[in-house]
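S.K.: Just passing along the structure, written as structure tokens.
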Amino acid sequence: MKVKATNEFKKKGVPPAELDFIPEEGFEFEVSESRFNVLAGNNSFKVKFVEAVVETAKKEPVVEKAVKKTTKTTKKTTKKSE
């Protein structure tokens, strides 16, 4: 699960177990679901260290191609009367 660090890591001066450094506010990294629960507030500090990042699917724009409509015209042939 992708999470975004809050400013609490800097305030408390503790790095997360997943990283070897104290992340800046807004830094994104991956954690497991159980680890997210701990970092989201179920910890001894009772502080929310991370926020979940909601990823939205990127949608490709739909491009419509112009279709030229043509009508088929037939020539009428007339027989000359003799």
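The values are calculated or read from the model by the stated rules, or taken from the named source; none is laboratory data. Values in this document were obtained by computation on a predicted structure and should not be read as measured data. Glycine also receives a Cβ, built like all others from the backbone with ideal geometry; neighbour counts cover every protein chain displayed.
S.K.: Being polar (S, T, N, Q) and free of Cβ contacts under 8 Å to residues at least 12 places away in the same chain is the filter here; which residues of region 2-41 pass it?
M.R.: Ser34, Asn37
S.K.: Within region 15-33, which residues are surrounded by 14 or more Cβ atoms within 10 Å (Cβ to Cβ) and closer than 19 Å to Ser44 by Cα?
M.R.: Pro16, Ile22, Val31
S.K.: While we're on this one: When you scan region 31-82, how many residues do you find that are β-branched (Val, Ile, Thr), modelled with pLDDT under 75 and under 30 Å from Asn7 (Cβ atoms)?
M.R.: Residues in region 31-82 being β-branched (Val, Ile, Thr), modelled with pLDDT under 75 and under 30 Å from Asn7 (Cβ atoms): 1 in total.
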